[in-house]
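Some notes on the structure that comes next.
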Amino acid sequence: MKPPERFPPADPREWLNRARSNLARAKNHIPGVYLEDLCFDAQQAAEKAVKAVMIERGIDFPYVHDLAHLLSVLEEAGETIPEHIRAAGTLTNYSSTARYPNIGSPVSVQEHSEAVAIAESVVHWAERRL
């Protein structure tokens with residue numbers, strides 16, 4: 001499989017490439033890999049996709065992982081955010097707590113599936129905006 005064409009870091013297409021890469025990893029449940037790590041990749045896919053749209057619109061984004069906040073900034077700049085894309089805010093928790101050993105419950109197969117579905121929706125939404 002040929003890798004995607006690379007673009008400069010300020011190009012929204014490169015951010016979308018990275019979002020697709022994170023999404024591909026999130027979808028691949030490899031034996032021995034924690035579902036939390038795959039959910040982190042789902043969160044990263046959604047975050048990079050949203051930031052790609054922000055770059056395309058000329059919006060300076062804050063360096064945060066809070067997807068609800070990033071979508072609010074985008075909305076304040078005039079972008080319509082569909083309700084199903086707002087669900088990305090639920091992925092924010094995976095940006096930090098899922099990356100490190102945690103005393104909480106492990107991510108379930110159902111939670112992983114939902115995280116991937118949300119991330120996939122956000123990436124497809126962003127692709128239509130670029």
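The values are calculated or read from the model by the stated rules, or taken from the named source; none is laboratory data. Keep in mind that what you see is a predicted model, and the values were worked out from it rather than measured. Virtual Cβ from ideal backbone geometry, glycine too; neighbours counted across all protein chains shown.
Name the one entry in Ala46, Ala19, Ala24, Ala52 that is out of contact with any strand residue (DSSP E or B) (no Cβ under 6 Å at 6 or more places or on another chain), assigned to a helix (DSSP H, G or I), at pLDDT 95 or above and surrounded by fewer than 16 Cβ atoms within 10 Å (Cβ to Cβ).
Numbers: Ala46 fails: surrounded by fewer than 16 Cβ atoms within 10 Å (Cβ to Cβ); Ala19 fails: surrounded by fewer than 16 Cβ atoms within 10 Å (Cβ to Cβ); Ala52 fails: surrounded by fewer than 16 Cβ atoms within 10 Å (Cβ to Cβ).
It is Ala24.
Enumerate the pairs (first residue in the stretch 34-57 and under 18 Å from His84 (Cβ atoms) and among the aliphatic types (A, V, I, L, M); second residue anywhere and modelled with pLDDT under 95 and buried (at least 24 other Cβ atoms within 10 Å of the Cβ)) with beta-carbon separation below 7 Å, excluding pairs fewer than 6 apart on the same chain, so at least 6 apart or on different chains.
Within 7 Å, the pairs are Ala42/Tyr94.
Could you please find all residues in the stretch 27-43 being of a type in the set (Gly, Ala, Ser) and either surrounded by fewer than 24 Cβ atoms within 10 Å (Cβ to Cβ) or at pLDDT below 95 (or both)?
Selection gives Gly32 alone.
Looking only at the stretch 1-47, which residues are within 24 Å of Arg129 (Cα to Cα) and among the charged types (D, E, K, R)?
Glu5, Arg6, Asp11, Arg13, Glu14, Arg18, Arg20, Arg25, Lys27, Asp41, Glu47
If I go through the stretch 69-86 residue by residue, how many of them are assigned to a helix (DSSP H, G or I) and of a type in the set (Ser, Thr, Tyr)? Explain how you work it out, then say what you get.
Quick first cut of the stretch 69-86, residues assigned to a helix (DSSP H, G or I) only: 69-76, 83-86.
From the residues that got through so far, the ones that are of a type in the set (Ser, Thr, Tyr) too are 72.
So the answer is 1.
Step by step: first the residues of the stretch 55-68, then only those that are assigned to a helix (DSSP H, G or I) and over 13 Å from the mean Cα position of the chain (by Cα), then the one that is farthest from Ala98 (Cα to Cα). Which residue is that?
Out of the qualifying residues, it is Glu56.
Give me the residue from the stretch 60-94 that is more than 18 Å from Arg128 (Cα to Cα) and hydroxyl-bearing (Ser, Thr, Tyr) and, out of that set, surrounded by the fewest Cβ atoms within 10 Å (Cβ to Cβ).
Tyr63
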